[in-house]
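The values are calculated or read from the model by the stated rules, or taken from the named source; none is laboratory data. Predicted, not measured: the structure shown is a model, and the values here were computed from it. Glycine gets a Cβ as well: all are built from the backbone with ideal geometry, and neighbour counts include every protein chain shown.
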């Protein structure tokens, strides 16, 4: 399989319209378009009955003490963890693309619903946990919410978009499924996969 996007190429910057936030003047950041980027895939194997999608950032700080704190920075060598930005399952087998903004077009306080286009279902991304203690933003964040790395992070963040071709038309998933639930449901059903990686930073001192 092959995966591509009209918005960015492999290991290239993700445009700000597809991010949760962008650098602001005065700063440090402001909310952005939060549109899902366009994706297209090809060379799908025979027997494919549905598709799933996982988007994640493996560069998230493992310790949040210095995150977005004025006068401090998140060290480049700090251990990192994975942060899920989008989970999508049960996308029909006849689909070969996702249009820009088709699943997300703007920041939705308290999160979007699980219902996706074309009968698909969207899982919880990790903004659910990030905003859990915020009275104005707390909620279940289903579907796509774009890049918003710490604006004082010394490390460039990398966003992996992976489409999976599956041998079953429907995955059995909890209503509020997470990435572990999706991976468990896909086990033994993946015929092929394809990935695309984009980069993003909100730190002006980190260059592309």
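Structure data summary
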quantity: Lone unmet requirement of (1) within 15 Å of the chain's Cα centre (by Cα); (2) in a loop (DSSP other than H, G, I, E, B); (3) over 29 Å from residue 207 (Cβ atoms) for residue 94; calculated: (1)
quantity: Any hit, the stretch 84-91, residues being touching a residue at least 24 places away in the same chain (Cβ under 8 Å) and exposed (fewer than 14 other Cβ atoms within 10 Å of the Cβ); calculated: no
quantity: Matching residues in the stretch 18-32 - criterion: being modelled with pLDDT of 95 or more and over 14 Å from the mean Cα position of the chain (by Cα); calculated: 22, 23, 24, 28, 29, 30, 31, 32
quantity: Total residues in the stretch 109-138, condition at pLDDT 95 or above, farther than 19 Å from residue 33 by Cα, assigned to a loop (DSSP other than H, G, I, E, B) and touching a strand residue (DSSP E or B) at 6+ places or on another chain (Cβ under 9 Å); calculated: 2
quantity: Residues being closer than 20 Å to residue 112 by Cα and assigned to a loop (DSSP other than H, G, I, E, B) - total across the stretch 174-190; calculated: 5
quantity: Candidate set from the stretch 37-81 (those that are in contact with a helix residue (DSSP H, G or I) (Cβ under 8 Å, 6 or more places away or on another chain) and part of a strand (DSSP E or B)); member that is farthest from residue 98 (Cα to Cα); calculated: 56
quantity: In the stretch 1-27, the residues that are buried (at least 16 other Cβ atoms within 10 Å of the Cβ) and part of a loop (DSSP other than H, G, I, E, B); calculated: 1, 5, 7, 8, 14, 15, 19, 20
quantity: Hey, residue 165 assigned to a helix (DSSP H, G or I) and at negative phi or not; calculated: no
